[in-house]
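Derivation of every value follows stated rules applied to the coordinates shown; laboratory data play no part. Quantities reported herein were computed from a predicted structural model and do not represent experimental measurements. Ideal geometry is used to build each Cβ from the backbone, glycine not excepted, and the neighbour counts take in all protein chains shown.
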Amino acid sequence: MSILIKNGVLVTAEEMAEKDILLEGEKIIAIKDEFLSKEIPEKTKIIDADGNYILPGIIDAHT
């Protein structure tokens, strides 16, 4: 199943920027400023993350 997370602020060690993230299963397939409708696979679940931060791969090492 594909999931597209749109309009969130992606936080990495290098930057904070508004990006769209396309996932297939548990894998990140692509990160772009914005996906065109023709680039989004059919039946993709779209999540609007407007006003939210996206922190991929963050692990709490204190547990």
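When residues in the stretch 10-44 are screened for being surrounded by 15 or more Cβ atoms within 10 Å (Cβ to Cβ) and within 9 Å of the chain's Cα centre (by Cα), 7 of them pass. One residue stands out among those in the stretch 45-61 that are within 18 Å of Glu24 (Cβ to Cβ) and not small (Gly, Ala, Ser): the one that is surrounded by the most Cβ atoms within 10 Å (Cβ to Cβ), which is Ile54.
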